[in-house]
Amino acid sequence: MNKGARSRYLVLGRVRKPHGLKGELSITTYTDSPLIFKSLKRIFLQFDNREPFEFKIFKIREHGKFLLLKLKDIRDRDEAERWRGAKILALRDEVPKEEDEVFFEDIIGCKVYLPDGTYVGVVKDVKRYPQEIWEIQDSDENEILFPAIDEFVIVLDVDNEKIIIDPPKGLLEIYGFSDSN
């Protein structure tokens, strides 16, 4: 993949709703660790494909299975309500990551093959259901839900947009996949 083609932003989560009266946002995080937010000085909020708005992070704290995010310039519940449902973005180069770590956005668009070279499809989305699930679209536009666990993923080469999987016996057949796809 041409690194220049990747978005300069990463989606880290979504605003669920306002929390309290002082403008805190209850958020759902898409990251492995909520500590990523603690390492950032700023985030961006965005609706649809509109221009993202930059906010400085004032405070972040855990609240049950969600995070509460207090941003400068969001002072009350009404201002927080305006951001309900917004995507939470960060600049790619500001998000800390381990050397072998891969961002979900980088998996989307990769072509998926079996070990024998059979083409399976393209990763259209990545979800966490509590485990990572790849939504693969085959050449007939059927959706395949693939559990992306280490024992089933043989090669993950996002730079070349290529993934080789070895799915459990019968998984692809459930979705009507055959080697002739």
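Please go through the range 40-92 and give me each residue that is in a loop (DSSP other than H, G, I, E, B), free of Cβ contacts under 8 Å to residues at least 60 places away in the same chain and in contact with a Lys or Arg (Cβ under 9 Å, 6 or more places away or on another chain), ordered by number.
Of everything in the range 40-92, those that are in a loop (DSSP other than H, G, I, E, B), free of Cβ contacts under 8 Å to residues at least 60 places away in the same chain and in contact with a Lys or Arg (Cβ under 9 Å, 6 or more places away or on another chain) turn out to be 41, 47, 48, 52, 72, 73, 74, 75, 76.
For residues that are β-branched (Val, Ile, Thr) and at pLDDT below 90, scanning just the range 74-106, find the one that is nearest to residue 126 (Cα to Cα).
Looking at the filtered set, the residue picked out is 102.
Check whether at least one residue in the range 125-136 is part of a strand (DSSP E or B), modelled with pLDDT of 90 or more and farther than 20 Å from residue 169 by Cα, and report yes or no.
The answer is no, given that none of the residues of the range 125-136 is part of a strand (DSSP E or B), modelled with pLDDT of 90 or more and farther than 20 Å from residue 169 by Cα.
This table checks each residue for (1) touching a strand residue (DSSP E or B) at 6+ places or on another chain (Cβ under 7 Å); (2) in the same structural domain as residue 9 (by TED's automatic domain parsing); (3) on the phi < 0 side of the Ramachandran plot; (4) surrounded by 12 or more Cβ atoms within 10 Å (Cβ to Cβ).
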residue: 25; (1), (2), (3), (4): yes, yes, yes, yes
residue: 31; (1), (2), (3), (4): yes, yes, yes, yes
residue: 43; (1), (2), (3), (4): yes, yes, yes, yes
residue: 51; (1), (2), (3), (4): no, yes, yes, no
residue: 58; (1), (2), (3), (4): yes, yes, yes, yes
residue: 70; (1), (2), (3), (4): yes, yes, yes, yes
residue: 73; (1), (2), (3), (4): yes, yes, no, no
residue: 76; (1), (2), (3), (4): no, yes, yes, yes
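Quick one: residue 163 ticks every box in (1) in contact with a Cys (Cβ under 8 Å, 6 or more places away or on another chain); (2) assigned to a loop (DSSP other than H, G, I, E, B) except a single one, so which number is it?
Status for residue 163: all satisfied but (2).
Kindly indicate whether any position in the range 147-156 is within 22 Å of residue 102 (Cβ to Cβ) and touching a Cys at 6+ places or on another chain (Cβ under 6 Å).
Checked against the condition, which is being within 22 Å of residue 102 (Cβ to Cβ) and touching a Cys at 6+ places or on another chain (Cβ under 6 Å), the range 147-156 yields no hits at all.
The values are calculated or read from the model by the stated rules, or taken from the named source; none is laboratory data. Model, not experiment: these values are computed from the prediction. Virtual Cβ from ideal backbone geometry, glycine too; neighbours counted across all protein chains shown.
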